[in-house]
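Participant: Here's a structure for you.
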Amino acid sequence: MAAYKRILLKLSGEALMGEDAYGINGAVLARIVEEIGEVVHLGVEIGVVIGGGNIFRGMAGASSGMDRATADYMGMLATVMNGMAIGDAMRRAGIPARVQSALRIDQVVEPYIRGKAIRYLEEGKVVVFAAGTGNPFFTTDTAAALRGVEIGAQIMLKATKVDGIYTADPKKDPTAVRYDRVSFDEAIARNLAVLDATAFALCRDQRLPINVFSIFSPGALRRVVTGEDEGTLVYC
């Protein structure tokens with residue numbers, strides 16, 4: 001039985017690469033879609049925000065001398081490509097889905113309209129939110145927090161390569177310990193890397209809890225949604 005009625009799932013673009021150097025790995029995409037499908041079949045309404053780091057990362061472009069706003073817009077377009085790929089994979093898997101973009105590209109995907117997105121969710125469709133917030137200088141973490149609040153999600157799930165939040169980087173410190181639960185205040189006091197500062201502040205102020213878990217652990221998404229001990233819960 002699901003512990004949440006409506007969730008916002010944040011997927012990084014890098015999650016789609018698998019072991020590839022860039023782009024979208026078809027097998028990884030199919031597995032992620034399958035896991036989302038399992039949660040849909042539990043009756044959970046799902047909004048998805050996707051990053052674009054597997055194709056282009058705005059910060060990286062800016063660091064090489066490109067205008068930051070231009071680089072960020074390129075990153076947003078990369079998220080549209082990822083969103084289209086996820087939406088297409090879901091439809092092929094028999095999962096009803098809609099892709100909405102914060103940038104107007106009407107010939108390709110429909111624009112983001114909050115009321116329409118909520119109606120789609122109520123109809124059992126997965127809504128993929130692409131193009132971040134539609135503005136440069138904001139990360140897809142912030143877009144996920146914003147969309148989560150806008151659609152009335154009960155929790156924001158951040159799918160990463162690591163199975164939660166640790167006291168230190170587990171790749172560098174073998175003694176690092178994973179938190180099962182941590183409050184927003186404690187996360188701030190211990191300077192834990194959960195989300196970027198803007199996204200974290202929005203979740204904290206709007207009392208939107210966060211669960212950080214590994215998308216590469218089979219069945220993890222379902223376990224999080226059914227309330228099992230998976231990943232790290234950041235609570236209000």
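The values are calculated or read from the model by the stated rules, or taken from the named source; none is laboratory data. Here the structure is a predicted model, which is why all the values come from computation and not from measurement. All Cβ positions, even for glycine, are placed from backbone atoms using ideal geometry, and neighbour counts span all protein chains on display.
Participant: Look at region 24-59 and say how many of its residues are assigned to a helix (DSSP H, G or I), farther than 29 Å from Arg119 by Cα, at pLDDT 90 or above and not hydrophobic (A, V, I, L, M, F, W, C).
Facilitator: Count: 1.
Participant: Additional query: Restricting attention to region 80-93, which residues are in contact with a helix residue (DSSP H, G or I) (Cβ under 8 Å, 6 or more places away or on another chain) and either over 14 Å from Ile32 (Cβ atoms) or crowded, with 19+ Cβ neighbours inside 10 Å (or both)?
Facilitator: So the first thing to find is which residues in region 80-93 are in contact with a helix residue (DSSP H, G or I) (Cβ under 8 Å, 6 or more places away or on another chain), and the list is 82, 85-86, 89-90, 93.
Of everything in region 80-93, those that are in contact with a helix residue (DSSP H, G or I) (Cβ under 8 Å, 6 or more places away or on another chain) and either over 14 Å from Ile32 (Cβ atoms) or crowded, with 19+ Cβ neighbours inside 10 Å (or both) turn out to be Asn82, Ala85, Ile86, Ala89, Met90.
Participant: So, in region 167-193, exactly how many residues are crowded, with 20+ Cβ neighbours inside 10 Å and within 24 Å of Gly18 (Cα to Cα)?
Facilitator: 0
Participant: Which count do you get for residues in region 1-19 that are charged (D, E, K, R), touching a residue at least 12 places away in the same chain (Cβ under 8 Å) and in a loop (DSSP other than H, G, I, E, B)?
Facilitator: As a first pass, look at region 1-19 and keep what is charged (D, E, K, R): 5-6, 10, 14, 19.
From what is left, the residues that are touching a residue at least 12 places away in the same chain (Cβ under 8 Å) are 5-6, 10, 14.
Remaining after also requiring in a loop (DSSP other than H, G, I, E, B): 5.
Of the residues in region 1-19, 1 are charged (D, E, K, R), touching a residue at least 12 places away in the same chain (Cβ under 8 Å) and in a loop (DSSP other than H, G, I, E, B).
Participant: Picking from Thr133, Thr142, which residue would you name as being in contact with a Leu (Cβ under 9 Å, 6 or more places away or on another chain), at negative phi and in a helix (DSSP H, G or I)? Outline the logic, then answer.
Facilitator: Numbers: Thr133 fails: in a helix (DSSP H, G or I).
Answer to the selection: Thr142.
Participant: Hey, among Glu122, Glu110, which residue is over 26 Å from Gly231 (Cα atoms), without any contact (Cβ under 8 Å) to a residue 40 or more places away in the chain and not hydrophobic (A, V, I, L, M, F, W, C)? So that I can check it myself, show each step before the final result.
Facilitator: Details: Glu122 fails: without any contact (Cβ under 8 Å) to a residue 40 or more places away in the chain.
Just one listed residue meets the conditions, Glu110.
Participant: If Leu157 satisfies every condition in (1) under 16 Å from the mean Cα position of the chain (by Cα); (2) more than 22 Å from Val128 (Cα to Cα); (3) at pLDDT 95 or above; (4) not polar (S, T, N, Q) but one, which is the exception?
Facilitator: Just one mismatch for Leu157, condition (2).
Participant: Assess whether Gly75 counts as being assigned to a loop (DSSP other than H, G, I, E, B), within 19 Å of the chain's Cα centre (by Cα) and surrounded by 15 or more Cβ atoms within 10 Å (Cβ to Cβ).
Facilitator: Working: assigned to a loop (DSSP other than H, G, I, E, B): no; within 19 Å of the chain's Cα centre (by Cα): yes; surrounded by 15 or more Cβ atoms within 10 Å (Cβ to Cβ): yes.
Spelling it out, it is not the case that Gly75 is assigned to a loop (DSSP other than H, G, I, E, B), within 19 Å of the chain's Cα centre (by Cα) and surrounded by 15 or more Cβ atoms within 10 Å (Cβ to Cβ).
Participant: Looking at (1) surrounded by fewer than 21 Cβ atoms within 10 Å (Cβ to Cβ); (2) touching a strand residue (DSSP E or B) at 6+ places or on another chain (Cβ under 8 Å), which one does Thr226 not meet, given that it meets all the others?
Facilitator: (2)
Participant: Right, something else. Just for region 178-207: of the residues that are closer than 17 Å to Lys10 by Cα and among the β-branched types (Val, Ile, Thr), which one is modelled with the lowest pLDDT?
Facilitator: Val194
Participant: Only one of Ala21, Ala62, Ala2 is at pLDDT below 95, within 23 Å of Gly227 (Cβ to Cβ) and surrounded by fewer than 20 Cβ atoms within 10 Å (Cβ to Cβ); which? Give the steps one after another, and end with the answer.
Facilitator: Numbers: Ala21 fails: within 23 Å of Gly227 (Cβ to Cβ); Ala62 fails: within 23 Å of Gly227 (Cβ to Cβ).
Checking each option against the conditions leaves just Ala2.
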